Amino acid sequence: MFRCKYECGSNVEILDLGTPGLDLAPYLYAADLVIVADAVHAQEKPGTLCIYCEDDLVARRAQLRLTAHDPGVRESIALLRLAGHAPSELIIVGVVPESCGLGKGFSPSVLSTSSVAVDNIARLLVERGIDCHRRHAPVQPNLWWLSGERSEFVASR
Amino acid sequence: MARISIDPITRIEGHLRIDVEVDGGTVQKAWASCTMWRGIETILLGRDPREGWVFAQRFCGVCTTVHAIASVRAVEDALQLEIPANAQYIRNLILIAHALHDHIVHFYQLSALDWVDITTIPKADPARAASIADGVSTWRGNSRRTLEEVQNKVKGLIGSGQLGIFSNGYWGHPAMRLSPEMNLILFAHYLQALEFQRKANQVVGILGGKTPHIQNLAVGGVMNAINLNSLATMNMDRLGMLQSLLQELVPFVQQAYFVDACLLGASYPEWFRYGRGVANYLAVPDLPVDAKATQFDLPGGVIMDGNLGSVRPVQNWRDEAIRAAVAEDVTHAWYLGEGPQPPWQGKTDPYYTDFREDGKYTWVKAPRYNGHPMQVGPLANVLVGYASSHPLTRKWTDEAFKRISSLSGPNVTPEDLQSTMGRYLARAIRSAMLSDLALQHWQLLTANILKGDDTTYNPPKFPQHEIAGVGLHEAPRGTLSHWVVIDKGAFSNYQAVVPSTWNASPRDEKGVPGPYESSLLANPVVDPSKPLEVLRTVHSFDPCMACACHTFDASGREIAQVKVL
């Protein structure tokens, strides 16, 4: 979604990292700035945008449960810090989800906040002098995986 | 009698709960329970088999690649579709790089601190540590200066009074027995490992287009364009980059990781006596060296009752015996169904009951091979290779045995490998083998391209009738199989039998426990409030519950909790 609206210089990498646990470390290795965009667990209503810095994470002021099986951001950063290869700055741009159940789409409140999240990521980059500008002609995101199934899974518990 | 419940047991990510009953200082009974349910198979029903791998690689957040590979292999098997030699080599290089990354992370970040007590590091003499390390290895990261720097970092960490992510270790536990110098050497490599995980990732990224979640696969081959005259495709520059990355990775594996695993084996000889568990082993052949996949660089086979002489080789992926032998039992798992179900007929209908030790207690099904529980993983890989006189397996296994005895450790035999320490050593042996194979497969790819072959893809054609296939892969944690049924060009069934399902299996209808459960029996537990020994044995399997179980986590717990009941 970010890529559909904004373009960045070649020194910016946009990665879909999933939930790699400690395997996150190699991707954060020696970066100047890391912005993590994900779902966050906060005492706010679904769809609320929450922005945290590394201190919030380390001090656990932010009760982070970024995804269903916790990608290990805190541990990866701590490890990199000790090894001397931590990113100079870490920011988490999070949205409070409606639910973390099984599925492949976004809930309506998360989807509506996502464009605000995207604009905030661009602002954070620009504020730090990083090349990032709005595309002249925005592209529609190709969310092909949301269609094409015959059966919709309903969690039964 | 003390009842200990450890939840979750995996060091960072994962959802494994282990319950043990301890009496007289040893484990008498054990239960392995997975507290999450994986449901991606359900999402795959009705979808186009050509895109199945894109979803399947989300089974697990860590081992994404392995599921992508098993998925395309399953569909190719159903279609009996051969893929080009270049596609085999490119896939193999990705698999080797991924496996090396995974094994390095397991040894250092996920389990070394069960054996290495970092709180003793400030007492180490860095000069002595450097001389010990130089005596056993030519690794460049063992200099006195390097070790001093690491020691200062640890002093700083301990001095701050905030151990942070290290605050959960069982520091000072009587079962921690390495000298401060050895702890310093291993912890230095623990930090250096990060750089090499990155290099392994870069190999996957160059070939896969992106990592994690590679983009280059297709049912029928790979989507990498090969043209030595084009800047945008696989050309000599890219091949050169791959070669240098692999050449940098190999020394870390052979001179640091492999040597460290031998040091652990020599320092903790008693752990070759604990943790045997289920002595039936299953490994499938992998790293095919020809388009038709008739010859493999990693052998497969089946060993029953720990009898290495009885090994039945598995020659290739068409092995009929495996297809007929595998079934999953849900007597003790939170699913509906009765009796063992072959995966092609398998169902995944959840039925949650809460933890009932005599009833259902886990989200993991109980896979069985002709009715028997099987242990999978690097140990199965190494035992099968050793028993079938596979030269590369013998080379590195014998080298490990020689090193351990020269360090005044025990005289280890292949029989002794069937243990907690054996699983650590086997993973290091397999990594050393893979590091040799990395450059060989790079050579196979380069030679084939220079010969003028630029094909990477054979297009699939789907019949209107029902077909079934199985995709096999010897993944870092062991044998992985994806079982698919395709009807009118869409998935009508999809079942993944993953390595940790074999190893974390619950009891079956006959009450026979799985590998984790039985490996814990007779394990010592000196202090039930600090069950370090239980962690050692469970971690020796490299547990990864994200994919073993079928995603639900209502708890959001971050760090292991130990409850002594």
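The values are calculated or read from the model by the stated rules, or taken from the named source; none is laboratory data. Quick caveat: nothing in here was measured; it's all calculated off a predicted structure. Glycine gets a Cβ as well: all are built from the backbone with ideal geometry, and neighbour counts include every protein chain shown.
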Could you give me the residue pairs with C-beta distances under 6 Å whose first residue belongs to the range A:43-55 and is surrounded by 15 or more Cβ atoms within 10 Å (Cβ to Cβ), whose second residue is part of a strand (DSSP E or B) wherever it lies, and which are 6+ apart or on separate chains? A:49/A:95; A:50/A:94; A:51/A:93; A:52/A:92; A:54/A:90
Restricting the search to the range B:396-430, which residues are surrounded by fewer than 19 Cβ atoms within 10 Å (Cβ to Cβ) and more than 22 Å from residue B:474 (Cβ to Cβ)? B:402, B:405, B:406, B:407, B:408, B:410, B:411, B:413, B:415
Checking residue B:176 against (1) buried (at least 23 other Cβ atoms within 10 Å of the Cβ); (2) at pLDDT 95 or above; (3) of a type outside the set (Asp, Glu), which single condition isn't satisfied? (1)
Please give the helices (runs of 4 or more DSSP H) falling wholly within the range B:27-109 in which 1 or more residues are surrounded by fewer than 24 Cβ atoms within 10 Å (Cβ to Cβ) and modelled with pLDDT under 95. B:40-44, B:52-56
Selection over the range A:7-24 where residues are under 16 Å from the mean Cα position of the chain (by Cα) and modelled with pLDDT of 90 or more yields a count of 4
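Per-residue answers, yes or no, for (1) within 24 Å of the chain's Cα centre (by Cα); (2) polar (S, T, N, Q); (3) under 30 Å from residue B:448 (Cβ atoms); (4) surrounded by fewer than 14 Cβ atoms within 10 Å (Cβ to Cβ):
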| position | (1), (2), (3), (4) |
| --- | --- |
| B:292 | no, no, yes, yes |
| B:317 | yes, no, yes, no |
| B:320 | no, no, no, yes |
| B:333 | yes, no, no, no |
| B:351 | no, no, no, yes |
| B:358 | no, no, no, yes |
All but one of (1) exposed (fewer than 14 other Cβ atoms within 10 Å of the Cβ); (2) within 24 Å of residue B:418 (Cβ to Cβ) hold for residue B:393; which doesn't? (1)
Residues of the range B:126-146 being of a type in the set (Ser, Thr, Tyr) and under 18 Å from residue B:266 (Cα atoms), which ones? B:131, B:137
What residue, of B:278, B:302, is assigned to a strand (DSSP E or B), in contact with a strand residue (DSSP E or B) (Cβ under 9 Å, 6 or more places away or on another chain), modelled with pLDDT of 95 or more and surrounded by 21 or more Cβ atoms within 10 Å (Cβ to Cβ)? B:302
Any residue at all in the range B:497-515 that is farther than 21 Å from residue B:324 by Cα, part of a helix (DSSP H, G or I) and of a type in the set (Gly, Ala, Ser)? no
Return the only residue of B:511, B:489, B:471 being small (Gly, Ala, Ser), more than 14 Å from chain A (Cβ to nearest Cβ) and over 27 Å from residue B:102 (Cβ atoms). B:511
So, in the range B:121-170, how many residues would count as being more than 27 Å from residue B:533 (Cβ to Cβ) and in a helix (DSSP H, G or I)? 24
Across the range A:125-144, the tally of residues that are part of a helix (DSSP H, G or I) and in contact with a Cys (Cβ under 9 Å, 6 or more places away or on another chain) stands at 2
Exactly one condition in (1) at pLDDT below 95; (2) more than 30 Å from residue B:83 (Cβ to Cβ); (3) crowded, with 19+ Cβ neighbours inside 10 Å is false for residue B:346; which is it? (2)
The number of residues in the range A:88-109 that are more than 9 Å from chain B (Cβ to nearest Cβ) and either out of contact with any strand residue (DSSP E or B) (no Cβ under 7 Å at 6 or more places or on another chain) or surrounded by fewer than 19 Cβ atoms within 10 Å (Cβ to Cβ) (or both) is 9
Do we find a residue being of a type in the set (A, V, I, L, M, F, W, C), more than 19 Å from the chain's Cα centre (by Cα) and not in a helix (DSSP H, G or I) anywhere in the range B:430-441? no
Enumerate the pairs (first residue in the range B:63-85 and away from chain A (no Cβ under 14 Å); second residue anywhere and in a helix (DSSP H, G or I)) with beta-carbon separation below 6 Å, excluding pairs fewer than 6 apart on the same chain, so at least 6 apart or on different chains. B:71/B:52; B:71/B:53; B:71/B:56; B:72/B:53; B:75/B:49; B:85/B:448
Of the conditions (1) among the acidic types (Asp, Glu); (2) surrounded by fewer than 23 Cβ atoms within 10 Å (Cβ to Cβ); (3) closer than 24 Å to residue B:220 by Cβ, the single one that residue B:338 does not satisfy is (3)
Given the residues B:277, B:309, B:300, which is the only one that is on the phi > 0 side of the Ramachandran plot and not acidic (Asp, Glu)? B:277
Residue by residue through the range B:204-218, note down the ones that are more than 12 Å from every other protein chain (Cβ to nearest Cβ) and modelled with pLDDT under 90. none
So, residue A:49, is that one more than 7 Å from chain B (Cβ to nearest Cβ), under 13 Å from the mean Cα position of the chain (by Cα) and at pLDDT below 80 or not? no
Quick test for you: out of B:398, B:354, B:319, B:358, pick the one residue that is at pLDDT 95 or above and either more than 22 Å from residue B:484 (Cα to Cα) or touching a His at 6+ places or on another chain (Cβ under 7 Å) (or both). B:398
Within the range B:529-556, the count of residues that are crowded, with 17+ Cβ neighbours inside 10 Å and at pLDDT below 85 comes to 11
Within the range B:431-455, residues in contact with a Gly (Cβ under 9 Å, 6 or more places away or on another chain) and either of a type in the set (Phe, Trp, Tyr) or buried (at least 22 other Cβ atoms within 10 Å of the Cβ) (or both) come out as B:433
Can you find a residue in the range B:190-203 that is within 13 Å of another protein chain (Cβ to nearest Cβ) and small (Gly, Ala, Ser)? yes
